[in-house]
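Chemist: Dropping the structure in here first, questions after.
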Amino acid sequence: MINKKGNILTENIIFIILNLVFLSILIIFLFSKMGAAAVLEEKYAKQIALILDSAEPVMIISINMEDAIKIANKENRDLNNIISIQDNVVKVQLREKGGYSYSFFNDIDPSIYLNRSSIKEYIIFIDYN
Amino acid sequence: MILKNKKADKIISVYWFAILFIVAAAIAYMVISFYGEPYDIREAEAYALTNKVAGCLSEVGYLKEGVLNEDFRENFMEKCKLNFEVEDVYNWREHGQYYVEINFYDFSTNQSISSIKKDNEALKPDCGLKGKTFPVCLERSFYILDKEKNQYQINILSIVRKTEKNVQ
């Protein structure tokens, strides 16, 4: 009788542990997909391109990129080089191999730099041209 | 009796795991298809382009002086600070990814006065076709006066293609 009770308890514990492991794997998978470098590169390249499309000269725009900066730090990227704007194409590169670029149509002269006081946001300055 | 129950429990737990795996597979499929799909921002781009053009044609609520002149039509891109150069991928540079068409009408007679057409006009026939792979078209019109109180209707058609980076 005691043995039977013991078996039932062990089986239940194994069942619960397996369920927990299973759910944990699922949650880790979800978060890894949500915060993937490729997804963030695309998201921020397009977001910055849209901001620049609507921007006017002498505007100063601040953009919070805390999640992207975390990934760039993990990948040992220089934070000054993760966003580049050449001609009218924005490129966001959080990894050594990779990166995402997107063009904007507004003929402006933007410059982008890391906000040294917060280290989680970038400042976009639209120069007068 | 206890033995029977135990067997039933085991069958239920196998069944339970099968359900769990089916649910997990469904969630994984949904997540991969959601995050694998690019963000489609072409409509937002078309709105921004239309706003930019409309803002360029008007000044403090009136039609900007010289907008109907030949010089403005010829130098529209520089005057409105537009640059339709795109990244060098998917052969985009050879086939423009934007198109803007502006038509000016006399508001009282509805007669066409002038029009401006820029970049890839070949995108225009695709407007009105349903499907994600077609370019996004946005048509807006507004009424405006010039400083001599002449009335105009301006129609702006903005088209953004960039299909490969916005639709899978």
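Chemist: Below 8 Å between Cα atoms, with a sequence gap of 6+, how large is the relative contact order for chain B in percent?
Modeler: Once divided by the residue count of chain B, the mean separation gives 26 percent.
Chemist: Could you state the number of Å between the C-alpha centres of segment B:57-110 and segment A:59-96?
Modeler: Centre-to-centre (Cα) distance: 32 Å.
Chemist: Taking the Cβ-Cβ separation of B:GLU43 and A:ASN12 as r and a Förster radius of 45 Å, what is the calculated FRET efficiency to the nearest 0.05?
Modeler: Between B:GLU43 and A:ASN12 the formula returns 0.25.
Chemist: Still on this structure, I have one more. For chain B, set up a GNM with springs between Cα atoms under 10 Å and report which of B:THR109, B:THR133, B:THR50 has the largest fluctuation.
Modeler: Most flexible of the set in this elastic network: B:THR109.
Chemist: Give the residue list of trypsin sites (Lys or Arg not before Pro) in segment B:111-161 that are DSSP loop and have at most 14 other beta-carbon atoms within 10 angstrom. Please report the intermediate quantities before stating the final value.
Modeler: Working: sites: B:LYS117, B:LYS118, B:LYS130, B:LYS132, B:ARG140, B:LYS147, B:LYS149, B:ARG161; in loops: B:LYS130, B:LYS132, B:LYS147, B:LYS149, B:ARG161.
Sparse-neighbourhood loop trypsin sites (Lys or Arg not before Pro): B:LYS130, B:LYS132, B:LYS147, B:LYS149.
Chemist: Now, a different point. Under 10 Å, Cα contacts only: if you run a Gaussian network model on chain A, which one of A:LEU94, A:LEU30, A:LEU114 comes out with the highest mean-square fluctuation?
Modeler: A:LEU30
Chemist: What is the sum of charges around B:LEU145, taking Lys and Arg as +1, Asp and Glu as -1, for the other residues whose C-beta is under 13 Å from the C-beta of B:LEU145?
Modeler: Local charge sum for B:LEU145: -2.
Chemist: Turning to a different aspect of this structure: With just the Cα atoms of the protein assembly as shown, tell me how far they stretch along each of the three principal axes, in Å, largest first.
Modeler: Computed over the Cα atoms, the extents are 102, 47, 35 Å.
Chemist: What is the Rg over Rh value, at two decimals, for chain B, using alpha-carbon atoms and the Kirkwood definition of Rh?
Modeler: Here the Rg-to-Rh quotient is 1.36.
Chemist: Using amide H atoms built in the peptide plane, which far-off residues or other-chain residues are under 5 Å from A:MET59 H to H?
Modeler: For A:MET59, whose amide H was placed from the backbone, the distant partners under 5 Å are A:ILE126.
Chemist: Another question about this same structure. Is there a simple number for the mean count of other chain Cβ atoms within 10 Å of the Cβ of residues in A:13-23, and what is it?
Modeler: Numbers: counts 0, 1, 5, 0, 0, 4, 4, 0, 0, 5, 2.
The mean count of partner-chain Cβ atoms within 10 Å per residue comes to 2.
Chemist: Now, a different point. Can you give me the C-alpha center-to-center distance between segment A:7-58 and segment B:115-168, rounded to a whole angstrom?
Modeler: First find each Cα centre; the distance between them is then 37 Å.
Chemist: Also, I was wondering about something else. When the helix-only estimate is applied to chain B (DSSP H runs of n ≥ 4, each -39,500 (n - 2.57), divided by the residue count), what is the mean residue ellipticity at 222 nm, nearest 500 deg cm²/dmol? Present the calculation step by step, with values, prior to reporting the outcome.
Modeler: Working: 5 runs with 64 residues, N = 168.
Rounded to the nearest 500, it is -12000 deg cm²/dmol.
Chemist: Let me ask something else. Tally Lys and Arg at +1 and Asp and Glu at -1 over the other residues with C-beta under 15 Å from the C-beta of B:HIS95: what net charge comes out?
Modeler: Neighbour charge sum, excluding B:HIS95 itself: -2.
Chemist: Using the basic label-point model (7 angstrom from Cα toward the beta carbon), what is the B:ASN103 to A:ASP109 distance in nanometres?
Modeler: Once both label points are built, they end up 3.9 nm from each other.
Chemist: Using helices alone, what [θ] at 222 nm do you get for chain A, with -39,500 (n - 2.57) per DSSP H run of 4 or more residues, divided over all residues and rounded to the nearest 500?
Modeler: Helix contribution divided over all residues of chain A: -15500 deg cm²/dmol.
Chemist: Would you list the P(r) distribution for chain A, with all Cα-Cα distances sorted into 5 Å bins from 0 and each bin expressed as a whole %?
Modeler: So the P(r) values, bin by bin, are 2, 10, 16, 17, 13, 9, 6, 4, 4, 4, 4, 4, 3, 2, 1, 1, 0, 0.
Chemist: Note down the relative contact order for chain A as a percent, whole number, built from C-alpha pairs under 8 angstrom at least six residues apart.
Modeler: Values: 171 pairs, mean separation 34.1, N = 129.
About 26 percent, as a whole number.
Chemist: Given a 10 angstrom Cα cut-off, can you work out which residue in A:ILE13, A:ILE108, A:ILE27 is the most mobile in a GNM of chain A?
Modeler: Taking springs between Cα atoms under 10 Å, the residue moving most is A:ILE13.
Chemist: Mind checking the mean number of beta-carbon atoms from other chains within 10 Å of the Cβ atoms in A:96-108?
Modeler: Partner-chain Cβ atoms within 10 Å, mean over residues of A:96-108: 5.
Computed from the coordinates by the stated procedures, all read-outs in this text should not be read as laboratory data. Fair warning: this is a prediction, and the values are worked out from it, not measured in the lab. Cβ atoms come from the backbone with ideal geometry, glycine included; neighbour counts cover every protein chain shown.
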